[in-house]
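Worksheet for the structure shown next.
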């Protein structure tokens, strides 16, 4: 496996997000393990392409790789940092944030010491014990900040639901439940999983924005799942019963005799079951695929059939 994700996908470093996605889908369609059983080379190519796509799909992660901050696996490269660098790092939950989102830590401590100063200047009628008690009653407390994450999930996990584990900036692990029917851009709120509070304050929340990794076989349109199914010439002409993959597992489907490429078969209720909505369907688009090298007997038959059963499906298309 190359250490250059761009080379793995066969794109230039200047490639657009759309070009990167198309390159990944092309490799995934050709090398997916389901389509190449027992082919270890294809499986390795698919895994390498998936890792490369994971890295380059997110603009922030891609930029960090281009700057040399992380390697091709997404691991941090060693870097010498001073305290001030750490204090201002994006992963530090106590760094100053935008005024509309987080409290300025310096202002918080300034207010804290101002209150302490007021407590020290009590009237002469108060005893030292009373002043001390007043100071203890004015404990400093503030809630933790909210943290935001981006997470890419596999297509089937988004469609069927699942659980995935993410690593937080402090090295701790967090299990995230992916709801059934999750859509691109959906945000999950994890209460109490943000930055810790100060002085016993409640922790903030974590917000996880989800993106869905493309699948080599399925695509989603609303709550419908769309699949392009290749069929042979004889299956199209004579009809057949074939096995068709769905997000819930393979099912047997009848191909009607005389089927043409582009015909759509609908499997009711085999789509996405999103919360608060009726289950979608799976649409199966048929595509006739000729053998790569036609058999001579088939070719001879079709030559004879052409002379006695001429059929022009393009008749009437010429203006």
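The values are calculated or read from the model by the stated rules, or taken from the named source; none is laboratory data. The model shown is predicted, which means the values in this text are computed figures rather than measured ones. Reconstructed Cβ throughout: ideal geometry from the backbone, glycine too, with neighbour counts over all protein chains shown.
Answer with yes or no whether residue 234 is farther than 30 Å from residue 298 by Cα, free of Cβ contacts under 8 Å to residues at least 60 places away in the same chain and assigned by TED's automatic domain parsing to the domain that holds residue 286.
no
Residues being modelled with pLDDT under 85 and part of a helix (DSSP H, G or I): count how many of those fall in segment 283-297.
Of the residues in that region, 0 qualify.
Given the structure, is residue 268 surrounded by 15 or more Cβ atoms within 10 Å (Cβ to Cβ) and within 36 Å of the chain's Cα centre (by Cα)?
When the stated conditions are applied, residue 268 does not pass them.
Tell me which residues, restricted to segment 251-285, are over 14 Å from residue 227 (Cα atoms) and in contact with a strand residue (DSSP E or B) (Cβ under 6 Å, 6 or more places away or on another chain).
Across segment 251-285, the qualifying residues are 252, 254, 255, 259.
Residue under question is residue 259, and the condition is that it be in the same structural domain as residue 226 (by TED's automatic domain parsing), closer than 30 Å to residue 180 by Cβ and part of a loop (DSSP other than H, G, I, E, B); does it hold?
It is false that residue 259 is in the same structural domain as residue 226 (by TED's automatic domain parsing), closer than 30 Å to residue 180 by Cβ and part of a loop (DSSP other than H, G, I, E, B).
Select from segment 218-242 the residues that are assigned to a strand (DSSP E or B) and over 21 Å from the mean Cα position of the chain (by Cα) and list them in ascending order.
228, 229, 230, 231, 240, 241, 242
Go through segment 33-68 and count every residue that is buried (at least 18 other Cβ atoms within 10 Å of the Cβ) and more than 16 Å from the chain's Cα centre (by Cα).
Matching residues across segment 33-68 total 4.
Filter segment 271-299 down to the residues that are farther than 22 Å from residue 239 by Cα and surrounded by 10 or more Cβ atoms within 10 Å (Cβ to Cβ) and list them by number.
Result: 271, 272, 273, 274, 277, 278, 279, 280, 281.
Being assigned to a strand (DSSP E or B) and crowded, with 16+ Cβ neighbours inside 10 Å is the filter; apply it to segment 243-255 and report the residue that is farthest from the chain's Cα centre (by Cα).
255
Could you tell me which residue of segment 184-197 is farthest from the chain's Cα centre (by Cα), considering only residues that are buried (at least 16 other Cβ atoms within 10 Å of the Cβ) and within 9 Å of residue 210 (Cα to Cα)?
Going through the qualifying residues, I end up with 188.
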